[in-house]
Amino acid sequence: MEDSRAPGKSISLETDRLILRARRVSDAAVLRELWTERDPRVPPRRQIDSDGRPTIEDIEDQIRSSSRELNLLTVERRVFGDVIGYCGLIDTVRGSDGEPELAFEFLRRTWSQGYATEASWAVLHWAQSSGYRRLWATVRDWNGASRRVMAKLEFVETARVEADEIHGDLLFTTKEL
Ligand SMILES: CC(C)(COP(=O)(O)OP(=O)(O)OC[C@H]1O[C@@H](n2cnc3c(N)ncnc32)[C@H](O)[C@@H]1OP(=O)(O)O)[C@@H](O)C(=O)NCCC(=O)NCCS
């Protein structure tokens with residue numbers, strides 16, 4: 001894996017099958033497709049609303065103005081050159097001492113081929129080389145695939161759980177780097 005310690009737009013990570021790179025405005029259509037594919041149990045703030053928003057244009061605007069998600073990297077397949085999802089670190093109020101949260105989401109047609117795990121390992125190595133000592137990840141109790149990825153990445157569940165009868169309990173997992 002090649003990596004860069006510099007934050008933001010210069011980050012580019014490579015694995016056997018994937019390239020993880022900074023988000024571009026041209027990624028907006030795939031990112032919106034991810035919105036349309038979300039499980040109905042995902043909270044409304046992360047669902048397309050009754051007006052069809054966010055639109056692709058909304059997401060393009062968010063990418064142009066976003067600083068919070070600079071470390072949320074777009075994932076491309078090397079062989080096909082297509083964008084299949086994102087994986088990276090987000091700042092969160094959940095962790096402490098500036099410890100970020102691992103996040104990922106992939107197009108359904110690419111699931112169960114090991115992409116989330118492969119991309120996440122690249123991000124974990126990058127985080128470690130950047131000086132982070134611990135990461136967090138949150139997952140809904142019903143999200144079996146995501147919980148399996150966390151287990152493969154050797155995240156451990158903590159005692160912290162935010163109960164949510166509607167959207168599913170939110171489990172807090174963590175990994176020492
Ligand atoms: C979670 C997600 C990123 C996994 O992506 P992926 O590329 O399919 O992940 P991987 O192929 O690396 O690993 C998936 C694992 O989950 C397993 N799996 C799939 N569906 C499952 C289910 N319903 N219950 C339990 N395990 C499941 C797969 O068999 C695989 O495990 P294995 O390698 O031991 O066979 C993908 O499902 C996704 O984008 N979901 C929607 C967004 C999301 O939930 N993001 C995480 C929020 S916390």
>> All but one of (1) in a loop (DSSP other than H, G, I, E, B); (2) at pLDDT below 95; (3) open to solvent by 60 Å² or more (accessible area, probe 1.4 Å) hold for A6; state the number of the condition that does not hold.
In response: (3)
> So which residues in the stretch 31-74 are aliphatic (A, V, I, L, M) and closer than 24 Å to W121 by Cα, if there are any at all?
Replying inline: L31, L34, L70, L72, L73
>> Looking at the structure I just gave you, is P54 closer than 21 Å to G131 by Cβ and either aromatic (F, W, Y) or surrounded by 12 or more Cβ atoms within 10 Å (Cβ to Cβ) (or both)?
In response: no
> Tell me, which strands (runs of 3 or more DSSP E) wholly within the stretch 58-177 include 3 or more residues that are more than 9 Å from the ligand (Cβ to nearest atom) and open to solvent by 50 Å² or more (accessible area, probe 1.4 Å)?
Replying inline: 156-162
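The values are calculated or read from the model by the stated rules, or taken from the named source; none is laboratory data. Predicted model, so just to flag it, every value in this text is computed and none were measured. Every residue, glycine among them, receives a Cβ derived from its backbone with ideal geometry; neighbour counts consider all protein chains shown. Just so you know, the surface numbers come from the protein's heavy atoms only, side chains and all, with ligands and any DNA or RNA stripped out. Shrake-Rupley method; radii C 1.70, N 1.55, O 1.52, S 1.80 Å.
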